[in-house]
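Below is one structure, written out as structure tokens; comments come after it.
The values are calculated or read from the model by the stated rules, or taken from the named source; none is laboratory data. None of these values were measured; they are calculated from a predicted model. Cβ sites come from the backbone with ideal geometry, for glycine too, and all protein chains shown count toward neighbours. Keep in mind that these areas ignore ligands, DNA and RNA; they rest on the heavy atoms of the full protein, side chains included. Shrake-Rupley method; radii C 1.70, N 1.55, O 1.52, S 1.80 Å.
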Amino acid sequence: LSAWPVPIKDDLDLDLLKESKGDGYTVEGKDETSATASPFVGVLRSKGFCWLAPSRWSGPGADVWRHDTAMYWSHAGKHFGITAAGKWWGTISKEQMKQYFKDDPAEYERILSEDFVSDEFGDRRQELVFIGVGIDKEEITKALDSCLIQEKGMQRYRQELNNYMNTVLTSPAGGSGLFDVGSVDHMDV
């Protein structure tokens, strides 16, 4: 991100951003003789929610929590952050979820119809907005799509998730699993 193409100036020159879109830009400290093209030239702000895959499913440094955690993406100028925003609705049953919306059933129905993108993963998704000058939606989408797990990777993801669910959350011979606390529901409703 240190090379994010937003000029640092006392006054933001939107015309400069438009020119950079066509002519490319140079990054201070890099080879100044060649211009770099990027679909993100002209992006001033981006924000939204994203779903990140765990990089380690078990052992030291495991980050399996990413599977269930909605991450908040926030970018303005050269400042960028991704922080935990909470759990995806898909991490709880629809009956549990309904309790949160007992006073607003229309919102519950909207979330189910608009935010739940698949039966398999519920509302886990990428939902980002980019704001800027002279930006190309198709090029930005293409660059971000190249970061997504492809079908072969999703097969592995499903297998890792299945292994995790079958070995960490349950125990052999039908005994109590790590998160099996009987009939006690530990949700704050």
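Quick look at the numbers
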quantity: Carbon plus sulfur fraction of accessible area for segment 64-166, probe 1.4 Å, in percent; calculated: 51 percent
quantity: Segment 99-138, accessible area per residue, ligands and nucleic acids excluded (1.4 Å, Å²); calculated: 68 Å²
quantity: Amide H contacts of Arg125 (H built 1.01 Å from N, under 5 Å, at least 5 apart or other chain); calculated: Trp51
quantity: List Val117, Val41, Val64, Val168, ordered by accessible area with a 1.4 Å probe, largest first; calculated: Val117, Val168, Val64, Val41
quantity: Top positive-direction residue, dipole computed over segment 72-137 with Cβ charges, set Tyr100, Gly122, Trp88; calculated: Trp88
